[in-house]
Amino acid sequence: MKILILGSGGREYSIARAIKNEEEEHELFFQPGNGATNNLGTNLDIKDYNDLAAFAKKNEIDLTIVGPEAPLVDGVVDIFKAQGLTIFGPSKEAAQLEGSKVYMKNFLAKYNIPTAKYIESDSIEDLFRFTNTLQAPIVVKADGLCGGKGVIIAQSHDEAKKAISEMLSGKSFGDAGKKVIVEEFLDGYELSMFAVCDGKDYILLPAAQDHKRLLDGDKGPNTGGMGAYAPTPLVDETLYQKVRERIIRPTLEGMQQEGAPFEGVLFIGIMVVNGEPITLEFNVRFGDPECEILMPLMTSSVSDMFYKAATNRLGEIKVEFSDQYAVGVVMASENYPYGPSTPAEIILDDVKHKEIEENTHISFAGVTMEDGKLYATGGRVLVCVGLGESIKEARDRAYMRCGQVHFAGKKLRTDIAYQAL
């Protein structure tokens, strides 16, 4: 197939890498891609979605896969489908499950899907009043897209009120904070689950756990994610079944009733409280870095899964996974997540150890290529992924691979997967 992948991060690189490892020969294109994706295919510089759809039509692209949330919320899927093109991802309307936290919370309430007690409003008085009824910590969320940073866990009522004020005034997140959600804090453990959906059917992938905080021991500011592992031993078949029956199935049926059938990846952020799964949030695409560890665990065809999902035929296939574990460790640039960093050349040692060569790889994200040299230019630069028969073995291998990557100012956590170990 000819496949076009939208996005520039480690998530898109990982999807492409998995497709490249298939037996069939696929031709890959990226929009915009990064400095390393051009080793896997062709990077395109076509910013307008209508122009991109015209390119896909002219070049007979068989399948387009959308990685990040912004193009989905902007309606890229609708534009491609209007041209008769096959594209994997939700429509603009269905993408509101991530594009608007208010839409999502009201949807959960309407279809009786378990979620935290909340209020959504643009009235500071109403938000403050509800805040006073909660015990600290208190969760404050901006309505719109904030690159994974629009959630504040306030440790006091005063801190919550300050966060509400700064969001409503536009100081924190601009227009994304014009409406605010305040909700109760749930005390449990967090999980990431991903369902690949075709509107009616779905395939649930192994549960992962993401590490959002910048520093070891879950300290420091929230980030887009500093590492992840899968499958997590914190999930048993009983919990999977509860998620299927109480969250995924009613969501797919509810979206059909809303006239916006959900096609694409439904990411479910779950808090498990006393063995019960509570929905924290939905995203409408793969998490990053969770995608980097789920893709190498798939033993069946990745491209076929995306294609069947995009053509409403998931019921025809069986998706299979290896019995291994995967651990991904993010390497970030010096000033992440506070601001941009000076570009730094990346030096990769030759891998001489057979065990490391066969059981690890790098997924590149915030990198550019200049004169044949790779430079760290983004916030999260790359992910070192290790596979193993146990989480410990996978983690040890991932960190061995990290030791062979060098660039000025690199930062990483040293405790990824500590919850499982």
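The values are calculated or read from the model by the stated rules, or taken from the named source; none is laboratory data. Note that the coordinates shown come from a computational prediction; the quantities given were computed from them, not determined experimentally. So basically every Cβ, Gly included, is an ideal-geometry build from the backbone, and we count neighbours across all protein chains shown. Keep in mind that these areas ignore ligands, DNA and RNA; they rest on the heavy atoms of the full protein, side chains included. Shrake-Rupley method; radii C 1.70, N 1.55, O 1.52, S 1.80 Å.
Go through region 119-208 and name the GluC sites (Glu not before Pro) that are in a DSSP coil and have 14 or fewer other Cβ atoms within 10 Å of their Cβ.
When the GluC sites (Glu not before Pro) of region 119-208 are filtered for loop state and at most 14 Cβ neighbours within 10 Å, nothing remains.
Between rounded, prolate and oblate, where does region 361-413 land on the alpha carbon gyration tensor, with a ≥ b ≥ c its root eigenvalues, rounded for a/c under 1.5, else prolate if a/b exceeds b/c?
In terms of gyration-tensor shape, prolate.
Can you classify region 288-329 as rounded, prolate or oblate using the Cα gyration tensor, where a ≥ b ≥ c are the square roots of its eigenvalues, rounded means a/c under 1.5, and otherwise it's prolate if a/b beats b/c and oblate if not?
oblate
Which percent of the accessible heavy-atom area of region 206-256 goes to carbon and sulfur, probe 1.4 angstrom?
51 percent
Who wins for biggest fluctuation among Asp236, Asp201, Asp218 in a Gaussian network model of the chain, springs between alpha carbons below 10 Å?
Residue with maximal mean-square fluctuation among Asp236, Asp201, Asp218: Asp236.
Report the FRET efficiency, 1/(1 + (r/R0)^6), for Glu23 and Phe185, where r is their Cβ-Cβ distance and R0 is 41 Å, rounded to 0.05.
0.25
Please list 3J(HN,Hα) in residue order for region 57-73, calculated via the Karplus relation 6.51 cos²θ - 1.76 cosθ + 1.60 where θ = phi - 60°; whole Hz, with x for glycine and proline.
The phi angles translate into 5, 5, 9, 6, 5, 7, 8, 10, 10, 9, x, x, 7, 4, x, 5, 5 Hz.
When the solvent-accessible surface of protein heavy atoms is calculated with a 1.4 angstrom probe, in what order do Phe29, Phe55 fall, highest first?
Phe55, Phe29
When the helix-only estimate is applied to the chain (DSSP H runs of n ≥ 4, each -39,500 (n - 2.57), divided by the residue count), what is the mean residue ellipticity at 222 nm, nearest 500 deg cm²/dmol?
Rounded to the nearest 500, the figure is -7500 deg cm²/dmol.
Once phi is turned into θ = phi - 60°, what whole-Hz ³J(HN,Hα) does the Karplus curve with 6.51, -1.76 and 1.60 give for every residue of region 313-330, x standing for Gly and Pro?
10, 4, x, 7, 10, 10, 8, 10, 10, 6, 8, 7, 10, 10, 10, x, 10, 7
Volume per residue, Å³, of the convex hull around the alpha-carbon atoms of region 1-138?
That works out to 172 Å³ per residue.
Quick one: if you take sqrt(5λ) for each eigenvalue of the C-alpha gyration tensor of region 248-354, what semi-axes come out, biggest first, whole angstrom?
32, 22, 16
With springs only between Cα atoms under 10 Å, which of Cys384, Cys291, Cys146 fluctuates most in a Gaussian network model of the chain?
Cys146
Got a sec to turn the phi values of region 400-411 into Karplus ³J(HN,Hα) couplings, 6.51 cos²θ - 1.76 cosθ + 1.60 with θ = phi - 60°, whole Hz, x for Gly and Pro?
4, 5, 4, x, 9, 10, 10, 7, 4, x, 4, 9
Send over the per residue convex hull volume for region 94-220, Cα only, as a whole number of Å³.
Residue-normalised Cα hull volume stands at 130 Å³.
So with the 1.4 Å probe, I'd like the accessible area per residue for the chain, rounded to whole Å².
Here the per-residue accessible area is 42 Å².
Rounded to the nearest percent, how much of the accessible area of region 33-95 (1.4 Å probe, protein heavy atoms only) is carbon and sulfur?
Of the solvent-accessible surface of region 33-95, carbon and sulfur hold 45 percent.
Excluding Asp236 itself, what net charge comes from residues whose Cβ is under 14 Å from its Cβ, given Lys and Arg +1 and Asp and Glu -1?
0
Select from Ala116, Ala208, Ala398 the residue whose mean-square fluctuation is largest in a Gaussian network model of the chain (Cα-Cα springs shorter than 10 Å).
Its mean-square fluctuation being the largest, the pick is Ala116.
Viscosity 1.002 mPa s, temperature 20 °C: give me the Stokes-Einstein translational D for the chain in µm²/s, with Rh taken as the Kirkwood radius over C-alpha pairs.
98 µm²/s
Can you bin region 148-266 into rounded, prolate or oblate? Criterion: square roots of the alpha carbon gyration tensor eigenvalues sorted a ≥ b ≥ c, rounded for a/c under 1.5, prolate for a/b above b/c, oblate for the rest.
oblate
DSSP loop trypsin sites (Lys or Arg not before Pro) in region 1-103 with at most 14 other Cβ atoms within 10 Å of their Cβ, which ones?
Within region 1-103, the qualifying trypsin sites (Lys or Arg not before Pro) (loop, at most 14 other Cβ atoms within 10 Å) are Lys47.
Once amide H atoms are built 1.01 Å from N in the peptide plane, which residues 5 or more positions from Ile5, or in another chain, come under 5 Å H to H?
Hits under the 5 Å cutoff: Phe29, Phe30, Gln31, Ile65.
Return the long-range amide H neighbours of Gly89 (sequence gap of 5 or more, or a different chain), with a cut-off of under 5 Å between placed amide H atoms.
Amide H neighbours of Gly89, under 5 Å, 5+ apart: Gly264.
Rounded to two decimals, what is Rg over Rh for region 155-222 when you use alpha-carbon atoms and the Kirkwood radius?
Taking Rg over the Kirkwood Rh, I get 1.09.
Could you compute Rg(Cα) / (2.2 N^0.38 Å) for region 273-421, with N its residue count?
In units of the globular-protein estimate, region 273-421 measures up at 1.19.
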